[in-house]
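Encoded as C-alpha cells, the structure appears first; notes follow it.
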Amino acid sequence: MAMIFTSPSVASQKIYLSIGLRVGAYVHEATPCGQASNATLMWYDGRYFSAGRLPNVAPRPAKGGGWTGSYRNPEDGTRETVSIVLRGPTRFTWRSRWGRFAYRFCPNPSLPGMWRGMTPREYVE
C-alpha cells in the first residue's frame with residue numbers, strides 16, 4: 001500500500017513517500033517553465049518517471065543512497081541504467097550515460113498550454 005502525506009509546506013500537494021518527490025511536471029533547470037518542450041520535460045506520477053520517448057522508469061533504492069532505475073532503450077533494445085538524486089521535494093538530478101541533468105518542478109498553470117493537460121495526478125495503490 002502506498003502512503004500519501006499532505007504537507008502544508010507544499011500548499012497541500014500530495015507527495016508519494018516512496019521517494020519523497022512531488023508529483024507533476026519537471027523541466028531542465030535552465031529552462032523557464034513557460035518554455036518547456038518535449039526535449040526539456042520529464043513527468044513524475046508518484047510511481048514512474050517518463051519523458052518523450054523514454055519508457056516508464058520506476059525508481060528503486062540505490063546502494064549508498066539515492067535511487068536508480070532502468071529501462072530498455074527504444075532505439076536499440078539495450079538496457080539503460082540511470083541514477084536519481086533528490087535535492088528536495090521539487091528538484092532532482094538524473095544521471096545516465098548521456099550526462100547529468102538537473103530538473104525542477106513546474107506547476108501545471110506555468111507550463112505552455114499544450115502540456116497542461118498532460119500533468120500526471122497522484123498515483124494511489
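The values are calculated or read from the model by the stated rules, or taken from the named source; none is laboratory data. All values derive from a computational prediction rather than experimental measurement. Positions of Cβ are backbone-derived with ideal geometry, glycine not excepted, and every protein chain shown enters the neighbour counts. Accessible surface areas use protein heavy atoms only, side chains included; no ligands, DNA or RNA. Shrake-Rupley method; radii C 1.70, N 1.55, O 1.52, S 1.80 Å.
Kindly list the number of the only condition in (1) surrounded by fewer than 11 Cβ atoms within 10 Å (Cβ to Cβ); (2) within 18 Å of R22 (Cα to Cα) that fails for G113.
Failing condition for G113: (2).
Of the numbered conditions (1) closer than 23 Å to E29 by Cβ; (2) at pLDDT below 95; (3) not hydrophobic (A, V, I, L, M, F, W, C), R79 satisfies every one except a single condition; which is it?
Status for R79: all satisfied but (1).
Restricting to segment 86-119, count the residues that are among the β-branched types (V, I, T) and part of a strand (DSSP E or B).
So in segment 86-119, the residues among the β-branched types (V, I, T) come out as 90, 93, 119.
Narrowing further to those that are part of a strand (DSSP E or B): 93.
So the count comes out to 1.
Residues checked against (1) at pLDDT below 90; (2) in contact with a helix residue (DSSP H, G or I) (Cβ under 6 Å, 6 or more places away or on another chain):
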site: G20; (1), (2): yes, no
site: A30; (1), (2): no, no
site: A62; (1), (2): no, no
site: S83; (1), (2): no, no
site: R91; (1), (2): no, no
site: C106; (1), (2): no, yes
site: P109; (1), (2): no, no
site: V124; (1), (2): yes, no
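So which residues in segment 55-85 are without any contact (Cβ under 8 Å) to a residue 24 or more places away in the chain, open to solvent by less than 80 Å² (accessible area, probe 1.4 Å) and either assigned to a loop (DSSP other than H, G, I, E, B) or more than 16 Å from I19 (Cβ to Cβ) (or both)?
P55, A58, A62, G65, G66, Y71, N73, P74, G77, T78, E80
Are there any pairs, at least 6 apart or on different chains, whose C-beta atoms fall under 9 Å, with the first in segment 92-108 and free of Cβ contacts under 8 Å to residues at least 60 places away in the same chain and the second among the acidic types (D, E) and part of a strand (DSSP E or B), and if so, which?
From segment 92-108, the pairs are S96/E80; R97/E80; W98/E80.
Answer yes or no as to whether S50 is within 15 Å of W98 (Cβ to Cβ) and without any contact (Cβ under 8 Å) to a residue 24 or more places away in the chain. If you could, list the steps in order and put the result at the bottom.
Numbers: within 15 Å of W98 (Cβ to Cβ): no; without any contact (Cβ under 8 Å) to a residue 24 or more places away in the chain: yes.
Judged against the criteria, S50 is not a match.
Could you tell me whether any residue of segment 44-54 is among the small types (G, A, S), in contact with a Gly (Cβ under 9 Å, 6 or more places away or on another chain), assigned to a loop (DSSP other than H, G, I, E, B) and modelled with pLDDT under 90? Spell out how you get there, then give the answer.
Quick first cut of segment 44-54, residues among the small types (G, A, S) only: 46, 50-52.
Keeping just the survivors that are in contact with a Gly (Cβ under 9 Å, 6 or more places away or on another chain) gives none.
The answer is no, given that none of the residues of segment 44-54 is among the small types (G, A, S), in contact with a Gly (Cβ under 9 Å, 6 or more places away or on another chain), assigned to a loop (DSSP other than H, G, I, E, B) and modelled with pLDDT under 90.
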